[in-house]
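Report on one structure; see the data block that follows.
The values are calculated or read from the model by the stated rules, or taken from the named source; none is laboratory data. Quick caveat: nothing in here was measured; it's all calculated off a predicted structure. Note that we place each Cβ from the backbone using ideal geometry, even for glycine, and neighbour counts take in every protein chain shown. Ligands, DNA and RNA are stripped out before the accessible areas are found, and what is left, the full protein with its side chains, is counted by its heavy atoms. Shrake-Rupley method; radii C 1.70, N 1.55, O 1.52, S 1.80 Å.
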Amino acid sequence: MWKVIVMRAAPPWGSGLVKCLLEAGVEVIAHSRSERKLERLKKRLASPFQLQTISGAVDLKQLLTLAQGAQVIFYDAYLTYDDRPEKVQHHLEVLRSQAYIGSDSNMLRIFSPELYGAEASDTFVYYAFQRMVHCKTIKQLFDPAIRQEYAFFEDALRDTLELAISSAAYGRTWKLHTNGPISQTELLTAAYPDAALPRFKRVARWKIGLLFLAEPKIRQLMKKYSSKNRGAITSAINYVGGHLTSYEVGATITMERLKQSVKIRRRQAEHECRSVYVKCVCQRGAWW
């Protein structure tokens, strides 16, 4: 049985990797600084026997001990928008210095476009999907007509695992394949082409000015996000895996799953309200 370590296993990308690996019958060691998030992950995955979790700060010596017998270490440096190459490079240098990966031939790097899907939270397009589900106006910092590439969350997971188990993939830098550039408006309406267009509202300039004062790096981020060449990686090899969901299907799945999660949360809220009401009634009966 394969043994794999997944660092930063609590966020959506890490927990998605853990789920796919467990489904493939792989022994997984999942690490996160948050024990609460790991407990939530185990509960969601029904605590399979081949899953081991480690929480808290793990020093390099301890991680080396854990890595004994492991075929792959997923060291997630997924930086949604603040993709500073010097931060990723620092992570890699730390790993090299402690003999995690040794030479570049034992390592592969995978670049992904912006992910979309019900699990790919903390992105601009995820926020837009959420607003669509609640039939609310989408407040925009950027022009929704800007065309860029998106990768469906589940496709990105499967392609990443395919590359990780292929010995020929190591020593190279890869970019996940997509269906090509598409605007946010087109992606949001791909699920329901006959429906009304999403309602966008530009954020007022004075609010953007306040945002720049509070977070000066937002100005550079907005310029980078609006660039036509954002995320272009000339040195990466385009990986065409066996999983490429069309934007129409991916958007439909995303909308349906988000709607289902909204219904579940509403039912839970209603159940909690009923429980509080019954408790109050019982307490009033006891007082009488």
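Numbers below:
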item: Efficiency of FRET from Cβ geometry, F111 and L213, R₀ 45 Å, rounded to 0.05; result: 0.90
item: Placed amide H near F111: partners under 5 Å, 5+ positions off or other chain; result: W174, K175, L176
item: Per-residue SASA entry for I54, accessible area with 1.4 Å probe, Å² rounded to 10; result: 30
item: Where R147, R257 fall by accessible area, highest first, once all protein chains stay in place (1.4 Å); result: R147, R257
item: Linear extension gain, V249 paired with F142, 0.36 nm per residue minus alpha-carbon span; result: 36.0 nm
item: Alpha-carbon centroids, segment 147-203 and segment 28-48: separation in whole Å; result: 27
item: Stokes-Einstein D for segment 132-199, Kirkwood Rh over Cα pairs, 4 °C, 1.567 mPa s (µm²/s); result: 89
item: Relative contact order of segment 108-256, pairs being alpha-carbon contacts under 8 Å that are 6 or more residues apart, as %; result: 37
item: Computed accessible area, K19, all protein chains, 1.4 angstrom probe, square angstrom; result: 100
item: Cross-link pairs beyond the 25 Å C-alpha cut-off, checked among K42/K217; K136/K217; K139/K223; K136/K175; K139/K224; K175/K224; result: K42/K217; K136/K217; K136/K175
